[in-house]
Amino acid sequence: MELRQSHLVLAAVASGLIGAAVLGWSAASAAPADGQKLAFDRGKGNCLTCHEIKDGPAPGNLGPALNDMKARFPDRKELIAIISDETKRNALTVMPPFKRNLILNDKEIEEIVDFLYTL
Amino acid sequence: MLRKIFVAAVFVIGAAQPLLADNAVDPQADFKAFREYFTKRFPKVQLNDFVNGPYSMDEGLRKQWQQIEEFPPYEFAVEHGKEAFAKPFKNGKTLGDCFPNKGVGIRQNYPYFDTKSGEVITLELALNQCLEANGEKPLSYTSQDMAALTAYMAFTSRGKPFDIKIPNDPRALAAYRSGEEYFYTRRGQLNFSCASCHVQNPGGHIRTEVLAPALGILNAMPIYRSAWENMGTITRRFQTCNSQVRGVPLPGQDVLYRNVEYYLSYMGNGLPISGPGARP
């Protein structure tokens, strides 16, 4: 988390846009709407391919419906782990290893988890 | 869910493990395990119905299909293929001259292992080899023209059981093994093997698409897909499936694609040719 932030700040300093970048980051983490966008976007999470999610059109069913997330996954780290690389828990899963295969970065995964916690 | 994954694990690992443990390739034993896996998992599906792909898995889709088949959307392709078969080349010969029985009723025998070249010869490859041998231009493996030729050949072979032979030749066994390995190897940014979708999850929904079972998955090829609004060859389908998992598709009729086709067709032995097919 801290590493992420300082990376961003570094990048921002380099491009001379400190204010905008820091604001951008804090706005994102406070807005699950972005997480929803990432989760639904076919080029990003594309979670709807396999999971039913509230308000998501044309979902698939290879994985369980994503609901009641706070009750079922009180530990945020667990959700991050599942999205990052579910093959670590279940070698045969078809769920893509989003972080390992560079489909989603840490920031995007955090945003998706924020969104999941609204479900 | 758990049970589903477990059963798939037993099958996939069971199929892959002996390959690693010793070097004996045993297509007959694979065939038996493969068929048993599907018939046990889907006890209500009639054996010959597996060739109908997604329709064998989903009642709602089947109803739509019955309506589609009232005016088969692949009919024009069969007609076009029939004409192309009869049309003389510049040298006076025809496509039919390259094939046993003029190409009629023989689709179930492809692919075969050619002991001369030491390679798997699929129908699509044989068609282009024929064109080239007669001084004609080969067709793109994903073209409507190619699909028309295989549609015609499939149509004249409907109901005939796949009859794929693996000669007792180490090269044939190696080709079979390589196709099998390709089928079970995960690839692409999304980390899928062919088996992830068509063995682990047949009947499952990817968005709104219903996944076809790997048993009999080639019997209906080529297919008219409403989503494409035209025909798809086996090459096109393989390349599309590779792209869907953000993998790099192989060139048409690459030796690996031919080996996968050899493996899957052998697994479909005994099941009737049902092509050309119509898909949503």
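None of the figures in this text is laboratory data; all of them are computed from the coordinates on show. Just so we're clear, the structure is a prediction, and the values are computed from it rather than from any experiment. Positions of Cβ are backbone-derived with ideal geometry, glycine not excepted, and every protein chain shown enters the neighbour counts.
Give the cross-link partners of B:Lys90 among the aspartates and glutamates, using a straight C-alpha distance below 19 Å as the criterion and excluding same-chain residues fewer than 8 apart.
B:Glu132, B:Glu136, B:Asp145
List the lysines whose Cα sits under 28 Å from the Cα of B:Lys32, skipping any in the same chain fewer than 8 residues away.
By straight Cα distance, B:Lys32 reaches B:Lys4, B:Lys40, B:Lys44, B:Lys160, B:Lys165.
For a footprinting-style exposure proxy, rank B:Thr233, B:Thr185 by other Cβ within 10 Å, fewest first.
Arranged by neighbour count, lowest to highest, B:Thr233, B:Thr185 become B:Thr185, B:Thr233.
About the Cα centre, and with charges only on the beta carbon of Lys, Arg (+1) and Asp, Glu (-1), how big is the dipole of the protein assembly as shown? Nearest 20 debye, please.
On the way: 45 positive and 42 negative charges, 66 e Å.
Around 320 debye, computed over the protein assembly as shown.
Looking at chain B, send over the antiparallel percent of its DSSP beta bridges, to the nearest 5. Could the numbers behind the result be given before it?
On the way: 10 of 13 bridges.
Antiparallel bridges: around 75 percent, rounded to the nearest 5.
Which value, in debye to the nearest 20, gives the size of the charge dipole of region B:75-155 about its Cα centre, when Lys and Arg are +1 and Asp and Glu are -1 at the Cβ? Mind showing how you got there, number by number?
Details: 8 positive and 10 negative charges, 46 e Å.
With Lys and Arg at +1 and Asp and Glu at -1, about 220 debye.
Pull up the DSSP beta bridges for the protein assembly as shown and report the antiparallel fraction as a percent, rounded to 5.
That works out to approximately 70 percent antiparallel.
Would you please give the FRET efficiency between B:Thr208 and B:Ala33, computed as 1/(1 + (r/R0)^6) with r the Cβ-Cβ distance and R0 = 30 Å, to the nearest 0.05?
0.45
List every residue whose amide H lies under 5 Å from the amide H of B:Tyr224, counting only residues 5 or more places away in sequence or on a different chain, with H placed 1.01 Å from N in the peptide plane.
Placed amide hydrogens put B:Gly232, B:Gly277, B:Ala278, B:Arg279 under 5 Å from B:Tyr224.
Rank these for me by crowding, B:Asp169, B:Asp30, B:Asp145, A:Asp75, going from fewest to most other beta carbons within 10 Å.
With the sparsest Cβ surroundings first, the list reads A:Asp75, B:Asp169, B:Asp145, B:Asp30.
Note down the nm distance, to one decimal, between modelled labels 7 Å out along Cα→Cβ at B:Ala174 and at B:Lys90.
Inter-label distance under the simple model: 3.8 nm.
Using a Förster distance of 35 angstrom, determine the FRET efficiency expected from the C-beta separation of A:Leu102 and B:Val104, and round it to 0.05.
With a Förster radius of 35 Å, E is 0.10.
Evaluate E = 1/(1 + (r/R0)^6) for B:Ser226 and B:Ser140, where r is the Cβ-Cβ distance and R0 equals 22 Å; express this FRET efficiency to the nearest 0.05. Please report the intermediate quantities before stating the final value.
On the way: r = 22 Å, r/R0 = 0.99.
It comes to 0.50.
Less than 19 Å from a label point 7 Å out along the Cα-to-Cβ axis of A:Thr87: which backbone N atoms in region B:146-186 qualify, by residue?
B:180-186
Could you pull out which residues in region B:51-79 have an amide N less than 16 Å from a spot 7 Å beyond the Cα of B:Cys241, following the Cα-Cβ vector?
Answer for this model: B:51-57.
What nm value, rounded to one decimal, do you get for the distance between A:Glu52 and B:Asp26 when each label is placed 7 Å out toward the C-beta?
4.3 nm
Roughly speaking, what is the centre-to-centre gap between region B:88-138 and region B:207-243 when only Cα atoms are used, to the nearest Å?
Their Cα centres are 23 Å away from one another.
Lysine pairs in region A:33-116 with alpha-carbon atoms under 17 Å apart, 8 or more places apart or on different chains: how many are there?
Step by step, the pairs that qualify in region A:33-116 add up to 10.
When we measure straight from the Cα of B:Lys93, which lysines land under 23 angstrom away, once same-chain ones fewer than 8 places off are left out?
B:Lys82, B:Lys102, B:Lys137
Hey, in chain B, which Cys have no second cysteine's beta-carbon closer than 4.7 Å?
Singleton cysteines: B:Cys194, B:Cys197, B:Cys241.
Could you give the dipole magnitude of region A:33-116 about its Cα centre, charging the beta-carbon of Lys and Arg +1 and that of Asp and Glu -1, in debye to the nearest 20?
200 debye
Once you order the gyration tensor axes a ≥ b ≥ c over the Cα atoms, which shape class does chain B get: rounded for a/c under 1.5, otherwise prolate or oblate by comparing a/b with b/c?
oblate
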